[in-house]
4 protein chains.
Amino acid sequence: MSGTRSERLGWLGTGRMGTVMAGALLDGGSDVSVWNRTSSKTAPLVEKGAKAVDSITELAGVDIVFVMVSASADLIKVTTGEGGLLSAERLPQIIVDCSTVSAEASAEVRAAAEAAGVAFLASPISGNPAMVEDGRGAIVASGPRETYDRVVPYLSMIAPTVVHAGPAEQSRLVKICHNLFLGMITQALVEVTTLAEKGGVPKAAFVDFINGSVLGSTFIKHKGRALVERDYTPTFNNKMLRKDFDLGLAAAREMEVPLPVSSMVHQLIQTAIGHGFAEQDYAALYEVEARAAGMLDGDAS
Amino acid sequence: MSGTRSERLGWLGTGRMGTVMAGALLDGGSDVSVWNRTSSKTAPLVEKGAKAVDSITELAGVDIVFVMVSASADLIKVTTGEGGLLSAERLPQIIVDCSTVSAEASAEVRAAAEAAGVAFLASPISGNPAMVEDGRGAIVASGPRETYDRVVPYLSMIAPTVVHAGPAEQSRLVKICHNLFLGMITQALVEVTTLAEKGGVPKAAFVDFINGSVLGSTFIKHKGRALVERDYTPTFNNKMLRKDFDLGLAAAREMEVPLPVSSMVHQLIQTAIGHGFAEQDYAALYEVEARAAGMLDGDAS
Amino acid sequence: MSGTRSERLGWLGTGRMGTVMAGALLDGGSDVSVWNRTSSKTAPLVEKGAKAVDSITELAGVDIVFVMVSASADLIKVTTGEGGLLSAERLPQIIVDCSTVSAEASAEVRAAAEAAGVAFLASPISGNPAMVEDGRGAIVASGPRETYDRVVPYLSMIAPTVVHAGPAEQSRLVKICHNLFLGMITQALVEVTTLAEKGGVPKAAFVDFINGSVLGSTFIKHKGRALVERDYTPTFNNKMLRKDFDLGLAAAREMEVPLPVSSMVHQLIQTAIGHGFAEQDYAALYEVEARAAGMLDGDAS
Amino acid sequence: MSGTRSERLGWLGTGRMGTVMAGALLDGGSDVSVWNRTSSKTAPLVEKGAKAVDSITELAGVDIVFVMVSASADLIKVTTGEGGLLSAERLPQIIVDCSTVSAEASAEVRAAAEAAGVAFLASPISGNPAMVEDGRGAIVASGPRETYDRVVPYLSMIAPTVVHAGPAEQSRLVKICHNLFLGMITQALVEVTTLAEKGGVPKAAFVDFINGSVLGSTFIKHKGRALVERDYTPTFNNKMLRKDFDLGLAAAREMEVPLPVSSMVHQLIQTAIGHGFAEQDYAALYEVEARAAGMLDGDAS
């Protein structure tokens, strides 16, 4: 793994998450060039030793370029678009996309990159910037095995958990599975919390016990607090979660995998939306459950 | 909290779990008398400073007696039975039951204790002996608040998480909720693992990613391994889990709380039993799912 | 079948339904004695040729006594109770119970009858009095085959459909299955009606089409009208239907038959109760669905 | 209604169903011209008084043309395609499509027709040819109200039930709702039949009772027989039913209507496919249920 440290890296997209991730590469002793649409945002990384470049095509001259942008359209633009990475005279050997984008966009960019002789690794990350900074992120990568093997030392500087999910867009599927799981856990937590609550158990005590047990997780700790406080300030709202369930169930349908609980939770998220919680955090599944249990008079907090 | 240390404690039931728990009280500097049906099993605690007594009624002379037995019938026997705690001349002020028993048995013993002027705290623990020894247990207690307040310093020597769930049998309900939650998480994990697997993702990589993410927990780590290896050596078999779902759904019915996902998982556990997995670990829910997805030919490993 | 006409029949319980049923026996040329707690209610049957008797024990002197009472307790009272059929000096050869009672009550009365040398046939009827009068009832009977064979000519005078479900309490199970089916059909109708309605189809047109199709039934015609008019005047309220689902799912659990849709509908009925529709007709499942679809503001008609 | 009889009608597509339907128009005294790709198939109608024409464009000269073809592509071809109805010099005033096609195809043809000044009525029929011939079909039509009013006398010659579902493609949605309902009824019947069967009730007796009750319908009579005999010769196979559930749930998702039971049945149909019943009749849902109840050893009949 040691030899890889001499490679020159590029980082495209230095928003909050990109800054944390690229910072981890610098902390690991890597040579990193950075570019961002709003160039001033590269300053913190430059202070840490990064070289700021003026254009995407200039960034393309390094060995491996990491991309961290907001959405599918952005990824397509900064790679296959005019002035994008693949339009440069000197191309990188590998593009590593860490953004959360659709499988379709990922496949499109992969095809364009490979046509240009550039390997592509789809490497979305789980966790918010604070968690990643704290060394608690997880990365799932997919693309050719040899590409993965060459990039994994860098990904390991960013997150303690890095796995290889397959040769193509499997990492996108894994992220969708992750979000299906998150939605199901939330509904499950909502059901037992409501049952305990109606049985006279203080919600906070219940959630604390679950978190102190083998079932406890960082996620349940945060989501449990939202249930207790009926605080539905969205980190991820019901419409966003529904979108991931749309994608997950469509993938399951195509692969012919029946998902009984996932499909039921999909309908319950839709029910929450019908009850007026579209723009609120999906912890509002609690409101639907509590109404059904006759515990509320339809007065959403 | 300091003054409480001068109280004399008793420990009834020194099987594997009781030994770990009573050991924690001794480590915390408590004065502990112990009794066990098979008296030789008290030896490790005596080595740590406990005093072995010859009969339950002798144990009854301390201030607080903790009980850790196997089942409802045992609890009833060692408390209200002939030669039981409540038959002693000198009664303890408090009985703390740490066993996992039914709400009915708990209520019966509570009533008998209170009739005799003894306070009763139902305090089941979550976690296996190794975990509790490792400082990762969680205790949920219910009974009068003042009783809880007096006992909590001792419970805190045993487990880092101790919560008060209510004045009566609420802790029993919480344990049932815990197991409903555990069953739902398992089915949820089964669904997404199967989807990822059919999409070409190695099961082990998928489970590792989930565990490295915010959703990861001690439970998922263990259960994920069972799914990957299709190892259904029971820690808790489908019939046992069905029993807890029977109890949970009965409680929900009585309290008029609809539980859509819990009731579906109940039916899926029944389906696993119908497919021949009654005596195997409930991780075998994976087999039902994989068959439904056309991935197996009915060949349970 | 002809020889059977010479048997003397008794009818116990001449409420609205009992009157219609006993009337059919008289219309068929049978010799019928009748008894009712409020004796004036036997008048219409006496006009048709029935003989009114003064006591249950007097009624017991005939060959076959049919019973049509309101509930389990009534059946037990008029058979095994003081002054009941089985306390008479001269006992009938067969008791045919047409009431809708629990399997437990049925088994209890059967055992008592058999101990006294009297055969027992559990023969509940489906349909309301108007329908039965109109020749559209259906009877499901269970008890010894030879008893059934002897009684079937009389049952056939009452209803065009008569089936033998088994040697013991199977007819009670069939009635529960009938009601599970009825609940599921209602929820199914609610779902498609709501979907069509939100898609711009007038509810009445939709229901008319379904009823004109192969799927149409007497039940859907009546229930469809309730959905269209949002008229929840109870014929059978949500609590009654929940009770039948309680029984059906308990039977399924005992027999180890998973019922995914039944158990979901059970939870939806509970949800309707939680939304305040306990005492209204179960057609109010529409309200829960329409609210979930964002079509109502919680304003039940 | 009388004046309408003077209109000249055309019938395009004289397969088995088209022949029955056009025959009903002739029986009603209408003036009908007919065309079919295989011209010999028009003979039975000609015998009844129809005039056979040689081309679609010739047929277009009448006032109202009814179309009964196999699939979406056929409808598009015979209307907007080369030599199709809309390519004729003299156009009809109304096209009535009685085929079962997608909402998209229907909307496309409607737009083309309206652009050419021709009104379009989407009028699918429920029932097979034998039932329609027997006077038990049902038609759901959508299109402009005035067009419907003009055509309804003819539709009423074909089927006793004719409803107007809305101004555009609502009739297509109604047909999908009809099939969702049919799938749910089947699963519901499967569940109660299995429960009764495991409780010792002969399947045939159970199904006969249900059919004799208010819940009975033509559909249940036929499907019940398939369950009893485990005869899965497809009239409509699981893949076809899954397709309709795909469409129905997609429509529900777009309109934001949660469908809990429909979505569960969708997953159960997928499960049947995973168990190897893709090409068999959806009555094979019984096999999935019976296996789950431990009643079969995976031996599909």
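At-a-glance table
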{"read-out": "Any hit, the stretch A:104-121, residues being modelled with pLDDT of 95 or more, closer than 15 Å to B:Ser213 by Cβ and touching a helix residue (DSSP H, G or I) at 6+ places or on another chain (Cβ under 9 Å)", "value": "no"}
{"read-out": "Residue that is surrounded by the fewest Cβ atoms within 10 Å (Cβ to Cβ), among those in the stretch B:183-237 that are part of a helix (DSSP H, G or I), in contact (Cβ under 8 Å) with a residue 40 or more places away in the chain and more than 7 Å from chain A (Cβ to nearest Cβ)", "value": "B:Ala226"}
{"read-out": "Evaluation of B:Arg136 against (1) under 23 Å from A:Thr193 (Cβ atoms); (2) part of a helix (DSSP H, G or I); (3) of a type outside the set (Val, Ile, Thr) (one fails), failing number", "value": "(2)"}
{"read-out": "Members of the stretch B:108-133 found to be part of a helix (DSSP H, G or I) and among the small types (Gly, Ala, Ser), listed by number", "value": "B:Ala111, B:Ala112, B:Ala113, B:Ala115, B:Ala130"}
{"read-out": "Qualifying residue in the stretch A:14-23 (condition: of a type in the set (A, V, I, L, M, F, W, C), touching a Gly at 6+ places or on another chain (Cβ under 7 Å) and in the same structural domain as A:Pro160 (by TED's automatic domain parsing))", "value": "no"}
{"read-out": "Per-region count, the stretch A:148-158, residues surrounded by fewer than 23 Cβ atoms within 10 Å (Cβ to Cβ) and of a type in the set (A, V, I, L, M)", "value": "2"}
{"read-out": "Test: residue in the stretch A:106-115 that is in the same structural domain as A:Met17 (by TED's automatic domain parsing) and under 16 Å from A:Leu9 (Cα atoms)", "value": "no"}
{"read-out": "Qualifying residue in the stretch B:83-91 (condition: assigned by TED's automatic domain parsing to the domain that holds B:Thr147, surrounded by fewer than 15 Cβ atoms within 10 Å (Cβ to Cβ), of a type in the set (A, V, I, L, M) and outside any strand (DSSP E or B))", "value": "no"}
{"read-out": "Enumeration of residues in the stretch D:246-301 that are away from chain B (no Cβ under 11 Å) and acidic (Asp, Glu)", "value": "D:Asp246, D:Glu254, D:Glu256, D:Glu279, D:Asp281, D:Glu287"}
{"read-out": "Unmet requirement for C:Ser156, which otherwise passes all of (1) more than 7 Å from every other protein chain (Cβ to nearest Cβ); (2) in contact with a strand residue (DSSP E or B) (Cβ under 7 Å, 6 or more places away or on another chain); (3) polar (S, T, N, Q); (4) touching a residue at least 12 places away in the same chain (Cβ under 8 Å)", "value": "(4)"}
{"read-out": "Those residues of the stretch C:241-280 which are of a type in the set (D, E, K, R), in contact (Cβ under 8 Å) with a residue 40 or more places away in the chain and touching a helix residue (DSSP H, G or I) at 6+ places or on another chain (Cβ under 6 Å), in sequence order", "value": "C:Asp244"}
{"read-out": "Residue list for the stretch A:274-286, filter: part of a helix (DSSP H, G or I) and surrounded by fewer than 24 Cβ atoms within 10 Å (Cβ to Cβ)", "value": "A:Gly274, A:His275, A:Gly276"}
{"read-out": "For D:Leu259: the one exception among (1) over 19 Å from D:Met184 (Cβ atoms); (2) aliphatic (A, V, I, L, M); (3) in contact with a Ser or Thr (Cβ under 9 Å, 6 or more places away or on another chain)", "value": "(1)"}
{"read-out": "Odd one out for C:Ser102 among (1) surrounded by fewer than 21 Cβ atoms within 10 Å (Cβ to Cβ); (2) more than 18 Å from the chain's Cα centre (by Cα)", "value": "(2)"}
{"read-out": "Every residue from the stretch B:240-260 that is outside any helix (DSSP H, G or I) and buried (at least 20 other Cβ atoms within 10 Å of the Cβ)", "value": "B:Val257, B:Pro258, B:Leu259"}
{"read-out": "Some residue of the stretch D:47-70 being under 24 Å from D:Leu173 (Cα atoms) and surrounded by fewer than 22 Cβ atoms within 10 Å (Cβ to Cβ)", "value": "yes"}
{"read-out": "Flag if A:Met295 is of a type in the set (A, V, I, L, M) and part of a loop (DSSP other than H, G, I, E, B)", "value": "yes"}
{"read-out": "Scan of the stretch D:18-44 for residues that are over 22 Å from the mean Cα position of the chain (by Cα) and among the aliphatic types (A, V, I, L, M), ordered by number", "value": "D:Val32, D:Ala43"}
{"read-out": "Count of the stretch C:156-175 residues which are more than 14 Å from D:Glu197 (Cβ to Cβ) and out of contact with any Asp or Glu (no Cβ under 8 Å at 6 or more places or on another chain)", "value": "12"}
{"read-out": "Qualifying residue in the stretch D:118-134 (condition: at the interface with chain C (Cβ under 7 Å from one of its Cβ atoms) and surrounded by 21 or more Cβ atoms within 10 Å (Cβ to Cβ))", "value": "yes"}
{"read-out": "Whichever residue in the stretch D:160-182 is at the interface with chain C (Cβ under 8 Å from one of its Cβ atoms) and touching a residue at least 60 places away in the same chain (Cβ under 8 Å) and, among such residues, is farthest from C:Ile210 (Cα to Cα)", "value": "D:Ala168"}
{"read-out": "Search result, residues across the stretch D:135-147 that are at negative phi and surrounded by fewer than 24 Cβ atoms within 10 Å (Cβ to Cβ)", "value": "D:Arg136, D:Pro144, D:Arg145, D:Glu146, D:Thr147"}
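The values are calculated or read from the model by the stated rules, or taken from the named source; none is laboratory data. A quick note: this is a predicted structure, and the numbers were derived from the prediction, not measured. Neighbour counts run over all protein chains shown; Cβ positions are idealised from the backbone, glycine included.
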